[in-house]
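The values are calculated or read from the model by the stated rules, or taken from the named source; none is laboratory data. Please read all numbers here as calculations on a predicted model, not as lab measurements. Cβ sites come from the backbone with ideal geometry, for glycine too, and all protein chains shown count toward neighbours. Remember, those area values only see protein heavy atoms, side chains included, never the ligands or the DNA or RNA. Shrake-Rupley method; radii C 1.70, N 1.55, O 1.52, S 1.80 Å.
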Amino acid sequence: MTGPRVLVTAATGKIGTAVTTQLLERGVTTRALVHREDSRSARLRSAGAEVVVADMFDYQQVEAAMHGVDRVFFNPPYHPHALDSAVGFAVAARRSGIEAVVALGQWLASPEHPSQLTRQLWLADKVFELLPDTAHIAVDPGFFADNYLKLLPMAALFGVFPIPAGLGRNAPPSNEDIARVAVGSLLAPHRHDGKAYRPTGPTLLSATEIAAAMGEALGRQVRHVEIPVSMFMRAVRVDAKRLKADMFFQSSLRHYVPEHTMGTWEIGGPTTHVRDVAGADPEDFLTIARRYASEPEAARTVGNYARAFADTVRMMVTPMNRLDRFDRLQQHPQPARPRYSGESAFWRSEHPAAAEARITDQTAGVPVRSHDCSNDSNPTNQSL
């Protein structure tokens, strides 16, 4: 009897590469769906993957890529039409008789969220649930360690970790641990069918503790600097090319940062899902940071200092992108009353750990904050 044959989408991305590599290490026949041929796809082919080039928004190409596989890992594109891709993918899976779909989603996913991508990921999850003969497992991480470590060059060069985090904590997972949960689900889909897993790191950390771990990895002192969301988004705009942060990405990111200050990332965390599914302890943040500390961008060179200084000057004179205007021009729909997940009763009702946290807050007499996400009054929505 032959083993499973698995299709991995977005296979040259950080999560997709980790999933593909881990499957190949286990001897699983793996097909890597990529958007184009490049050095990354060449490395996957060298490692033993079958590489196919396809557009995730072209239904016929997606269906062709599924031919001959049993299980699929769906890594949605970060795109304003991500839901189109998910629906097409689900139709192709149904017609192809796919045994199992493991889909990467979001801990925040909710139909009320002001981020269009987050609302679409909630809908995509519900679409996959409707497949009658296909096992469906959701892998829904929160704020990745990789997101914090994009600021490692700033920490390495100037000893600061500038992020609007407030007093919120997080147990950020590594890309590799997220992949381990996906791979464990792909290898035993019927045991995990219907489950939603949220991989996390082993410990809840404040921004100060994250900065300290960065400092230990870099061999220098690093301190957290609390900055306004608007300043953070101005810095993202200046560094958009390196961060691969187009306007749509920035439109969502501005809504994820306030969740940190609300404490949404710490609700229900840390989980044991990496150990439960993959049989391994999750990586701690220091271990992850040490990998990133060896990257060229974190080296204290004259060139890196010059670029960082120039970016800082540009950030001081560059306004935040007019993201509300962008959303209107792109005709992005909005719920009648958008709510961040940390303050959404609907979101909490779908997350037992969040519902328990709400009860605890009320018992302790802590008022539940209400936050208006409308374009006119939400300070994180402001168009500068």
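Criterion applied to Leu149, Leu167 was being closer than 17 Å to Trp265 by Cβ and surrounded by 22 or more Cβ atoms within 10 Å (Cβ to Cβ), and the one residue passing it is Leu149. A single entry from Ala54, Ala65 fulfils the requirement of being at pLDDT 95 or above, at negative phi, more than 24 Å from the chain's Cα centre (by Cα) and open to solvent by less than 50 Å² (accessible area, probe 1.4 Å): Ala65. Pairing residues of the range 79-101 that are modelled with pLDDT of 95 or more with residues that are open to solvent by 10 Å² or more (accessible area, probe 1.4 Å) and among the basic types (Lys, Arg), at Cβ distances under 6 Å and at least 6 apart in sequence or on separate chains, gives Glu99/Arg71; Ala100/Arg71. Of all residues in the range 267-304, those that are of a type outside the set (A, V, I, L, M), assigned to a helix (DSSP H, G or I) and either more than 27 Å from Trp347 (Cβ to Cβ) or open to solvent by less than 50 Å² (accessible area, probe 1.4 Å) (or both) total 10. Checking every residue in the range 324-332 against the condition of being within 20 Å of the chain's Cα centre (by Cα), at pLDDT below 95 and assigned to a loop (DSSP other than H, G, I, E, B) gives zero matches. For the range 76-92, taking the residues that are open to solvent by less than 10 Å² (accessible area, probe 1.4 Å) and among the hydrophobic types (A, V, I, L, M, F, W, C), the one that is farthest from Ile178 (Cα to Cα) is identified as Ala92.
Pro162 meets each of the listed conditions (1) touching a Phe, Trp or Tyr at 6+ places or on another chain (Cβ under 6 Å); (2) within 29 Å of His332 (Cβ to Cβ) apart from (1). Scanning the range 1-42 for residues that are free of Cβ contacts under 8 Å to residues at least 40 places away in the same chain, touching a strand residue (DSSP E or B) at 6+ places or on another chain (Cβ under 7 Å) and of a type in the set (Gly, Ala, Ser) yields Gly3, Ala32, Ser41. Out of the residues in the range 242-262 that are at pLDDT below 90 and of a type in the set (D, E, K, R), state the one that is farthest from Pro162 (Cα to Cα). Result: Lys244. Would you mind stating whether Phe73 is within 24 Å of the chain's Cα centre (by Cα), modelled with pLDDT of 95 or more, among the aromatic types (Phe, Trp, Tyr) and crowded, with 19+ Cβ neighbours inside 10 Å? Judged against the criteria, Phe73 is a match. So, Ala155, is that one assigned to a loop (DSSP other than H, G, I, E, B), at pLDDT 95 or above and of a type in the set (Gly, Ala, Ser) or not? No. Out of all the residues in the range 159-216, which are part of a helix (DSSP H, G or I) and in contact with a His (Cβ under 8 Å, 6 or more places away or on another chain)? Val181, Gly184, Ser185, Ala207, Thr208, Ile210, Ala211, listed by residue number. For the range 199-212, the count of residues that are surrounded by fewer than 19 Cβ atoms within 10 Å (Cβ to Cβ), more than 21 Å from the chain's Cα centre (by Cα) and of a type in the set (S, T, N, Q) is nonzero. Out of Thr21, Thr30, Thr2, Thr12, one residue alone is over 17 Å from Leu187 (Cβ atoms) and either out of contact with any Leu (no Cβ under 6 Å at 6 or more places or on another chain) or not in a helix (DSSP H, G or I) (or both). It is Thr12. In the set (1) closer than 24 Å to Ile267 by Cβ; (2) without any contact (Cβ under 8 Å) to a residue 12 or more places away in the chain, the condition left unmet by Arg191 is number (1). When Arg36 is tested against (1) open to solvent by 30 Å² or more (accessible area, probe 1.4 Å); (2) farther than 18 Å from Leu130 by Cβ; (3) modelled with pLDDT of 95 or more, only condition (3) is not met. Among the residues of the range 263-305, the ones that are at pLDDT 95 or above, over 24 Å from Phe158 (Cβ atoms) and charged (D, E, K, R) come to 5 in all. Considering every residue within the range 225-248, establish whether at least one is more than 18 Å from Ala171 (Cα to Cα), open to solvent by less than 20 Å² (accessible area, probe 1.4 Å) and not aliphatic (A, V, I, L, M). Looking through the range 225-248, at least one residue is more than 18 Å from Ala171 (Cα to Cα), open to solvent by less than 20 Å² (accessible area, probe 1.4 Å) and not aliphatic (A, V, I, L, M). Filter the range 36-51 down to residues that are under 15 Å from Val6 (Cα atoms) and part of a loop (DSSP other than H, G, I, E, B) and give me whichever is nearest to the chain's Cα centre (by Cα). Taking the candidates together, the pick is Ala49.
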